[in-house]
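The structure under discussion appears below in the form of structure tokens.
Read-outs: derived from the displayed coordinates by stated rules, not from any lab. In this text the structure is predicted, and so the values were computed from the model without any measurement. Backbone-built Cβ (ideal geometry, glycine too); neighbour counts: all protein chains shown.
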Amino acid sequence: MSPRPAGLRAPEANRSNAVHAGAWWLWALGLAAAASRTTNPLLLGLLVGVAGYVVAARRTDAPWARSYGAFVKLGLAVLVVRLVFSVFLGSPIPGTHLLVTLPEVPLPDWAQGVRIGGRVTAEQLLFALYDGAKLATLLICVGAANALANPARLLKSLPGALYEVGVAVVVAMTFAPNMVSDVARLRTARRLRGRPTGGVRAVLQVGLPVLEGALERSVAVAASMDARGYGRTAPVPPVVRHTTTVLTLGGLFAVCVGAYGLLAASGESYGVPLVGAGVVMVLAALRLGGRRSVRTRYRPDRWGVRSWLVAGSGVAVAALVTAAGTAALHPGVVPLAAPELPLWPALSVLVGLLPAFVAPLPKESV
């Protein structure tokens with residue numbers, strides 16, 4: 001097949017046009033926010049398809065980019081566990097379509113409301129399927145962000161006050177994909193040598209080299225952080241420290257109270273102002289807290305037009321799905337009925353495909 005004209009394809013990724021790591025996370029969190037607003041399996045499947053298509057089109061060959069498959073498997077495991085819990089621990093959902101009756105374990109009086117075994121109905125399994133699918137979709141959206149965003153570049157963009165916390169999170173996020181890559185490499189090596197890759201013995205023989213590699217990377221990271229002077233802080237006046245503490249605690253308290261007001265039936269009048277004031281206070285605290293950081297940024301990443309488009313598409317998906325508010329977002333299970341695909345939310349989810357067309361192509365795929 002002949003290649004497409006140069007004017008119809010995204011440019012090759014380089015430092016000047018690369019999508020900001022924070023933009024990928026905002027895009028993925030927008031999809032996750034949309035997933036949290038629905039239990040419709042058709043919409044959730046569409047969200048998973050959008051995330052998977054963008055990952056397939058724009059991820060690189062870096063170690064963290066290979067973690068998407070692990071998050072998909074984790075999501076499927078969560079879905080299976082949710083169904084198993086519904087079968088053996090029951091569900092408050094009433095149902096008339098009996099599938100099977102399991103032996104019920106008698107429990108003492110203090111455990112009233114909890115049962116093990118008993119009736120299993122199609123309605124309770126369908127409810128568990130919808131609920132587990134939502135949790136699985138949230139995990140897959142987070143996996144998409146892990147596969148597309150460079151953790152090191154995300155760390156460079158954090159405010160100075162969050163630098164230490166960011167280092168810990170980024171190191172953990174970086175080690176997890178590396179361990180997944182190590183497991184795949186060792187399993188492939190065992191397969192090429194004609195050794196089994198399944199069973200308890202194989203898991204133990206693979207796990208030891210993986211832990212050894214993780215320990216070596218930990219020592220290397222610790223040495224590099226020590227050589228770069230990690231942990232140094234600048235002297236800050238006590239007044240600034242106390243003001244930062246007051247703003248942080250006050251802002252978090254205002255956000256919590258405001259969030260409770262937004263969830264309560266009669267708290268709309270004070271919920272939005274308190275959340276806004278709390279966010280402003282937290283941002284001011286981060287600004288003041290950054291004064292104790294003595295690090296500098298070398299060639300900081302910039303938010304270009306493509307980064308704004310990527311982040312905006314995720315925010316648009318979350319806003320449009322939330323604004324839809326149709327009953328089809330939460331299909332009922334009593335009585336049993338096939339879920340319908342609402343047109344407006346489905347079209348809103350497709351906006352999340354924009355990064356697959358505007359983000360630069362990875363160098364490996366060009």
What is the spin-label model distance, in nm, from T322 to E104 if the labels are put 7 Å beyond Cα along the C-beta direction?
4.2 nm
Sort 67-76, 25-34, 306-315 by packing, meaning the average of other beta carbons within 10 Å per residue, with the highest value first.
25-34, 306-315, 67-76
Approximate spin-label separation L347-K73, in nm, with each point projected 7 Å along Cα-to-Cβ
4.0 nm
What residues of the stretch 323-366 lie in the reach of a label at D131, counting those whose backbone N is under 20 Å from a point 7 Å from the Cα along Cα→Cβ?
328-339
Gain in span if fully extended, V84 to R287, counting 0.36 nm per residue against the direct Cα distance:
68.3 nm
Amide H to amide H, which residues 5 or more places from L102 or on other chains are under 5 Å from it, using H placed in the peptide plane?
G118, R119, V120
Efficiency by 1/(1 + (r/R0)^6): what FRET value for L249 and Q205, r their Cβ-Cβ distance, R0 = 45 Å, to the nearest 0.05?
0.35
A convex hull over the alpha carbons of the stretch 31-135 yields, per residue, a volume in Å³ of 137 Å³
Note to self: C-alpha centroids of the stretch 309-361 and the stretch 91-128 sit apart, in Å, by 33 Å
For a protection proxy built on the mean count of beta-carbon atoms within 10 angstrom, sort 203-210, 44-51 highest first, please.
44-51, 203-210
Simple spin-label model, 7 Å along Cα-to-Cβ: T60 to L336 in nm?
5.0 nm
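Considering the convex hull of the alpha carbon atoms of the stretch 79-127, report its projected area averaged over all viewing directions, in nm², one decimal.
3.5 nm²
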